Amino acid sequence: MSLDRRALIAGCALLAVLGTFLAMQMRVATDITHFLPAGSSADDVHLARELAAGELSRTMVILVDAPDAATAADVSVQFEAALRANETVHQGTARLVAGSGEGVEDAMWQLYAPHRVAFLAEDAKAAAEALTDGALENSAAELKRKLGTPMSTFLIKAAPSDPLLILPQLFERFMGERSGGLKLIDGRFVTDKEDAAVLFLTTSTSASDASAIRPVVDGMRAAFAECNAKFDDKLALHISGTHLFALAAEGSIRADIQRVSIGSVIGLVSLFLIMFRSLRLMLLVLPILGMGFLAGSSACLLFFGSVHGLTLAFGAALIGVSVDYGVHFHCHHLHAGNSGDARQSLRSIWPGLSLGAATTITGFLALIASSFPGLRQLAVFAVFGIAAAALSTQLFLPALASRTRTKTKVSDRIVGGLHRLWFGERRNRFALALPPVAIAIIAAIGLPQLEWNDGLADLNKVDPVLEANDQAVRNRVVRFEQRRLVVATGATEELALQANDKIHRELTQLQASGGVKGFRGIAQMLPSAKTQQEVDAVARTDAQLWPRLERAFAKQQFVASAFEPWRDLLATEAPAPLTFAELADSPLSAMVQPFRFTWSGGVGFVSFLDELTDEQALRDSFAPIAGADLIDITGTLSSAYGAYRERLLQLWLIGLGAILLLVALRHRALRPTLTAYLPAVLGAAGTAGILALCGLALNMLSLVALLMVVSMGVDYGVFLAEHRTDAKARAATLLAVVLAGASTMLGFGLLALSSQPPLFHIGLTSAVGVLLCLLLAPTVCALMTPQADATSTDS
Amino acid sequence: MASLSAYLSRSLLVVATLSVVVLAQKPDVIKPDVIKPDVTKPDIKPGKANVTQALGGKQQRPASEAALFRAFAKIKGLSAEYTEEKFLSLLAVPLKSKGQLHFMQPGYLSRIVLAPEKSKLTITDAELRMKGKDKEEVIDLRQSDRVRLFVTSLIQVFQGNQKALKKHYRIRYTPKAADAHAWQLELKPLNKPLTQILKRLVLFGRDKTVTRIELHEPNGDRTITKIVKVDPKRVFTGAEKKDLFGVVDKPKKAKVDAGK
């Protein structure tokens, strides 16, 4: 068996192994956190990232319209039961809350009654003020007033051990921060207008993980259909949550991948048929493409456990790059006048091909140093994909090459025409210099006008209908901001709660001054242990409290001895402070869980804001509080993008330098080095200039695309530089470059039609850049080639 | 990103939680030295025959419990003045108040306290609204069965809703033997949670009018409300309906001109 055949079999076996591995292990992620910066544990970026990906973002708000409150309550019961009975929903749900839950009232009493002295007031100072003679007299008068109402029946039992009505006032205090938008009817959540049942469903996976979320959402709709049938199909379901946007994005990305893949294949087939009247080139190209795609995907699975949808879309566009190798080989095999066999043809182009692959890999290696998991994955895909594609040429090309080497008239004419255009006797060096000069001028004018858009929101294209529906649901239920959150963090839960206590005081003052309309946090339900102990001590250590209380209540004609249970309570030892764990382990869990989060820095508690108008005052008040912060999630991440984009630019420039070094080491002469390198750099600069002049702001993904432009542009220059002195080989390379450029532009051009901003930016930037490189590579080569060399071997 | 915190009205949570206190604790032992004796008129006058006769005049004592409830159901609107004394174990002296009571079918009750401190209490089937000098509290009765059962009991009496009351109370109607016009209606709760909230509710009346209401609690506390100057044929204007009960009359449909 010949070497070529053995290589082919080995190549096919490798394809089969990779394909099987991928089929068994493939997991596609659409989690947007792949494109969120991974910051250090101590900065806002990390917090913002945690909050953007945490439980709050995993919670969907579900509304079911109903004609009245009673029906809404009934619907709530039925729908909750249907959701819990649905297996896919059950598996994907971390928590489902539709009402106050069984035993909430009992739990409140059981948990707070033993600690009521510690909840006398918000802090020790307020506690002392509540126990002055005047305050005690006011408390007695208030109790007497309340006993005169029909509700006295409910107070009469509690008052003897709670004459100051600590518990009723406590519950009034922490319920005083109105959640807004909700009522309880028969223990079920309904909207304020009593026109819909409200349920909250927290998924166990990230809201952006579309593959995990889809079955849950499908299950929800199925459960709703089942419930709706019981109400004569008169109900309407509305859902709000990041999940739906992720599903829409995933669908869009899948469609883009499909379009690019199918379009690229159709385009390539058409091009090759026109050029060579044969699909031989497809046979050459496909296994290399397959190897590159499979190797890149497999590497991502091994390193990251999954492949992001955007990485796959990028990979589909990478088709245009690895096609170059097969095209280059085929054109040389047919047109370079090489008398040897296919393997000889491959040997003749291998230095250029391998250098081209090496420069591409070098360019993408820079991304591995990025802080973005998504970009690192892109880099891994590109590095392993390109390397596998380049190496697989040795396995596939010789065995699959044409034996007859039949040239078509079309390809012959094009080869001749291209050669005459750039290297013919009548070529005009002045005219040849025009394109690079023009592009340089465009770059010089456009680059200073370049603007960067680092907005996180612009990385996602949101369906306006979806967004409007989402907002409509939130307007009926939630009144708190989603973008800005107050966080109290600490290495331990106690430290975080202490910070939260201070935050609560500042927010209360800001609310009083009108800087914020309202807020909601956990401080009223759970002050820190330190605060609880301090408040408790104010009452228990006051030896005169009981006699003063007796006097104050006697003035209101109370029978002082009736309050001896209170006296006896004060005489006992204070219980251990109430903890979050106790609340979380009770029917009150749903009331407290949304406020707590963990991160690598420890524990945090969130407070939600309603119409913050004086942000600066809030930030100023937080300045002296350790662990207190106002996080603008979108703003923080956008700023981080800007910083990381600048870092990426540095890496990009380093990558450019490394590419130049590689090329220079290969040729060790100025002209061929410039032939290989200049088109790519000028092409990238011209691309940025054109986009800037067209008013398009660039972002980090545009930088990634420019990196690809340089990598591919260098390929064209490298191929031409290798064969600049051999007319036939040079002519064959010209044809290869034009074909390769056209196929690459096809792939990226299709990507530029995507509605997803990341894919649009990559596609447009790359398509323009490749076009410029395609124009510049032969032009620069012609300019660097002396006339004598250009025409001395002219065919 | 939605907050999962439950919405509970301030007052309801207070009341509902305190109701847990009530239900969780055993009734107190009555302390006789704290409760003031009832010095109102005795119900039965010695020597009077226990005769129920159809009076030739406008008022007539209902012959039975059912007749009494039918009579209540016929009352479209009622206004009265009242005085009230609450005998509570916590207080050395009874709490006294006086004011006005208003009732309108199908189930609106408004109690306006004129002394010692002005306030207004309005009860409907959906809410209890207490408005004082400085603040107003609203309790959504749909959010707690316990509170609703207790609060709406009296309204159901005025509604004449015997059927609803029989679900939760043992009802006993006793015409007074000594007085041909006097009667007594006693409601004793049958089951928890009502048995833990009140011991019995007793209405005293003459003919078709309630003259006194006594609420007795398991711990011995009691509330005695005397009702005077009763107008059982009260018609409320639109403005009064809004002011007293928070009810806004629906605009009448325009009459169609048959000629056009």
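When the Cα centres of region A:439-508 and region B:177-245 are compared, how far apart do they sit, in Å? The distance from the Cα centre of region A:439-508 to that of region B:177-245 comes to 60 Å. The relative contact order of region B:82-202 comes to 13 percent, based on Cα pairs under 8 Å that sit 6 or more residues apart. Heavy-atom accessible surface of A:T404, to the nearest 10 Å², is about 110 Å², with a 1.4 Å probe and all protein chains retained.
Over 22 Å between Cα atoms, which of B:K74/B:K166; A:K144/B:K131; B:K208/B:K250; A:K555/B:K226; A:K125/A:K530 qualify? Beyond 22 Å: B:K208/B:K250; A:K555/B:K226. Peptide A:158-165 has a mean shielding of 3, counted as Cβ atoms of other protein chains within 10 Å of each residue's Cβ. Pull out a ≥ b ≥ c, the square roots of the eigenvalues of the alpha-carbon gyration tensor of chain A, then state rounded if a/c is under 1.5, prolate if not and a/b is larger than b/c, and oblate in the remaining case. In terms of gyration-tensor shape, prolate. Between A:S252, A:P287, B:Y173, the Cα set farthest toward the positive side of the dipole of the protein assembly as shown (charges on each charged residue's Cβ, about the Cα centre) is that of B:Y173. Residues A:I274, A:I442, B:I139, B:I171 ordered from highest to lowest accessible area at a 1.4 Å probe: A:I274, A:I442, B:I171, B:I139.
Tally up the carbon and sulfur contribution to the accessible surface of the protein assembly as shown as a whole percent, 1.4 Å probe, everything protein left in place. Whole-percent figure for carbon plus sulfur exposure: 57. Solvent-accessible surface of the protein assembly as shown, averaged per residue with a 1.4 angstrom probe and all protein chains in place: 41 square angstrom. Close amide H partners of B:L91, meaning residues 5 or more places away or on another chain with modelled amide H under 5 Å apart, are A:V559.
Note down the net charge around A:A529, summing +1 for each Lys or Arg and -1 for each Asp or Glu among other residues with Cβ under 10 Å from its Cβ. Within the 10 Å Cβ shell, the charges total -2. Compared with the dominant principal axis of the Cα atoms in chain A, helix A:166-176 is inclined by about 30°.
Positive-end ranking of A:A684, A:G54, A:M24 along the dipole of chain A, with charges on Cβ about the Cα centre, is headed by A:A684.
If only the Cβ of Lys and Arg carry +1 and only the Cβ of Asp and Glu carry -1, the dipole of the protein assembly as shown around its Cα centre is close to 3120 debye.
What accessible area, in Å² to the nearest ten, does a 1.4 Å probe give for B:L244? Result for B:L244: roughly 10 Å² accessible.
Relative protection proxy for A:573-579, A:182-188, from highest mean packing down: A:182-188, A:573-579 (other beta-carbon atoms within 10 angstrom).
Classify region A:237-373: rounded, prolate or oblate, from the alpha-carbon gyration tensor (a ≥ b ≥ c, eigenvalue square roots; a/c under 1.5 rounded; otherwise prolate if a/b is larger than b/c)?
It is oblate, given that a/c is not under 1.5 and a/b is not larger than b/c.
Database remark: amide H of B:Y169 closer than 5 angstrom to the amide H of B:L190 (H placed geometrically; neighbours at sequence offset of 5 or more, or on other chains; Pro and chain starts carry no H). Spatially, region B:84-99 and region A:562-576 are offset by 27 Å when compared through their Cα centroids. Scoring A:234-243, A:11-20 by mean Cβ neighbours within 10 Å over their residues and listing the highest first yields A:234-243, A:11-20. Each part gets one Cα centre, and for region A:209-254 versus region B:124-169 those centres are 40 Å apart. Interface size, chains A and B: roughly 5400 Å² of accessible area buried, both sides included, 1.4 Å probe, rounded to the nearest 100. For region A:63-158, a crude dipole built from +1 on the beta carbon of Lys and Arg and -1 on the beta carbon of Asp and Glu, taken about the Cα centre, is about 300 debye to the nearest 20. Rounded to the nearest 0.05, what FRET efficiency do B:K131 and A:K193 have when you use their Cβ-Cβ distance and R0 = 25 Å? Computed FRET efficiency for B:K131 and A:K193: 0.60. Please name whichever of A:A628, A:I659, A:Y641 sits farthest to the positive end of the charge dipole of region A:614-686, dipole taken about the Cα centre and charges placed at Cβ: Lys and Arg +1, Asp and Glu -1. Comparing the listed Cα positions along the dipole, A:I659 ranks first. Take the alpha carbon gyration tensor of region A:80-145, find the square roots of its eigenvalues, order them as a ≥ b ≥ c, and report rounded if a/c is under 1.5; if not, report prolate when a/b exceeds b/c, else oblate. The shape class here is prolate. When the surface is traced with a 1.4 Å probe over the full set of protein chains, A:Y644 keeps roughly 50 Å² accessible.
The values are calculated or read from the model by the stated rules, or taken from the named source; none is laboratory data. Please read these numbers as outputs of a predicted model, since none were measured by experiment. All Cβ positions, even for glycine, are placed from backbone atoms using ideal geometry, and neighbour counts span all protein chains on display. These accessible areas exclude ligands, DNA and RNA; they are computed on the full protein's heavy atoms, side chains included. Shrake-Rupley method; radii C 1.70, N 1.55, O 1.52, S 1.80 Å.
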